[in-house]
1. Taking only DSSP H segments of four or more residues, each worth -39500 (n - 2.57), what value at 222 nm results for the protein assembly as shown once the sum is divided by all its residues, to the nearest 500 deg cm²/dmol?
2. Using only Cα atoms, what is the ratio of the radius of gyration of the range A:39-96 to 2.2 N^0.38 Å?
3. Would you mind estimating how fast the protein assembly as shown diffuses translationally, via Stokes-Einstein at 25 °C and 0.890 mPa s with the Kirkwood radius over Cα pairs, in µm²/s?
4. Counting Lys +1, Arg +1, Asp -1, Glu -1, what net charge surrounds A:Ile249 among other residues with beta carbon under 15 Å of its beta carbon?
5. With +1 on each Lys and Arg Cβ and -1 on each Asp and Glu Cβ, and nothing else charged, work out how big the dipole of the protein assembly as shown is about its Cα centre, in Debye to the nearest 20.
6. What does the charge count near A:Glu56 come to, summing +1 for each Lys or Arg and -1 for each Asp or Glu among other residues with Cβ under 11 Å from its Cβ?
7. Below 8 Å, C-alpha to C-alpha, sequence gap of six or more: please give me the relative contact order for the range A:134-235 in percent.
8. Roughly what angle does helix A:70-81 make with the longest principal axis of chain A, taking Cα atoms, 0 to 90 degrees, to the nearest 10?
There are 2 protein chains.
Amino acid sequence: MASEHQSRTVDAVQTSLDIIEFLQSVESAGITEIADAVDRSKGTVHGHMATLVDNEYVVNDDGTYRLSLQYLDLAETVKGRLQIYDVVRKELDDLAEECGELAQFATEEHGKAVYIYKTEGEDAVQTASSVGNRAHLHCLSLGKAMLARMDESRVDAIADEHGLPEFTDATITTRGELFEELEAIRERGYAFDREERIEGLRCVAAPITMNDEVMGAISISGPASRFSGPLYEDELPNLVTRSANVIEINAQFS
Amino acid sequence: MASEHQSRTVDAVQTSLDIIEFLQSVESAGITEIADAVDRSKGTVHGHMATLVDNEYVVNDDGTYRLSLQYLDLAETVKGRLQIYDVVRKELDDLAEECGELAQFATEEHGKAVYIYKTEGEDAVQTASSVGNRAHLHCLSLGKAMLARMDESRVDAIADEHGLPEFTDATITTRGELFEELEAIRERGYAFDREERIEGLRCVAAPITMNDEVMGAISISGPASRFSGPLYEDELPNLVTRSANVIEINAQFS
DNA sequence: ATAGTCGTTCGGCTAGTGCGAACGACTCGG
DNA sequence: CCGAGTCGTTCGCACTAGCCGAACGACTAT
């Protein structure tokens, strides 16, 4: 599919990353199990584990290996680099409480949406998405809000890379529809998700920009039963865009 | 100092980990700067970067490299593995609100305390510690609460590895004092930090155990001006131990 | 006891990693 | 407008070090 530049890569590092990925999927495992999973000899894996343990990325609990808590530190560092993270958190907590629903913040990376923060009001629905998860942009209110603020060429590149897979009957699956929708979003200033990703789940989102660059988007999500009529079409959009504005303004002083 | 077993390790992986560590400290950097920092040739670093970018652990923004948001996902996975994480969050939020102070949860790893969750009441003090950070156990209420529930041999091993460095006049710096203090904590059921780490900062902590294994500890922190008399000696300890109990009970059904 | 695990160590072969030079693209100043 | 200085990238070569496979000791279970 997407054939990359293919510079020379380092095989040994690839092996270690494969091990880490495997350990992310299995909670904990022994040498033999890991060696089997990444298709290397036990001796080789043993050396990799020694390196990872030395650097405290992996912990050895009496014979079985698991990922360490080191990643928390990395994650906090990375989050802290989003200049608006603290401002978003505060404002989003208020927003979630005010409307009692689920509020989220996401950013774009590698052409996908990455959920960064999630906060729940009293009646919030439970969704599969959680912090760190990645999702296609075209089927999320968050994603479309961000796409609407990007160059067309960028949107095209992303569609090339990840496609426009269909999740429900309402999912946008053609570029024509997508560009039309993005135009409408630009005019309105906010984006809807009318059960385009998950049947029964509706969202409203507004982008957050700083000097013409998309920093991310925030959204409110709820069940279709509650999200309809003037509440869904007017009130919630107002709340979300208001919060987005507050974030944009506060972000300038931090 | 602590000379490890020294199994055979993988140099190439070590290089990549050095690069990641460097990128954690500098926000973003180019090939030449990185090569300089990790003391490798530009060509070598180039190969490593290609590998890390391929695996999406690093992002290349027009010429400069930075850590990706991938680590959020890893961090959430790792947090999710602490069976009690969700229970702790909920209970700690309540606790922080009830007493208006700073409440924290930490675990032990590699003989150090790792802060996992932090939540602030209305009058909470600001501290340097934040999620993912590691700190010495012997000078924290959180740390001592955990040490008090470990075998003596384990405590000795930890003291061997990390020592008992002094931070303030009140810091415990000898094993004799430490073991005495741990005994007192075992009797009381909770631990104090009487400005042992930071001048003017006091804390109370209680350990969280599940079938005789320490899962971590929770604490309340505040300024010495407020943390004194019966509030500090009785009321806050009661609140903390009550919360710890609630967590232990709820954790059994999750 | 024995046969099956497991993790660990080690010698040896060769693939792959690291180096450094060279290249093209770019940015400054003069 | 062009040279001197960056930068990132590519590539051939030398040699290291990564990978394998076999062997070992410690366990467990039957």
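1. -14000 deg cm²/dmol
2. Expressed relative to 2.2 N^0.38 Å, the Cα Rg reads 1.75.
3. Approximately 98 µm²/s, per Stokes-Einstein.
4. Its environment carries a net charge of -2.
5. I would put it at about 460 debye.
6. -2
7. RCO, the range A:134-235: 29 percent.
8. 30
No value in this document is a laboratory result; all are computed from the given coordinates. The structure displayed is predicted, hence computed values, not measured ones. All Cβ positions, glycine included, derive from the backbone under ideal geometry; neighbour counts span all protein chains shown.
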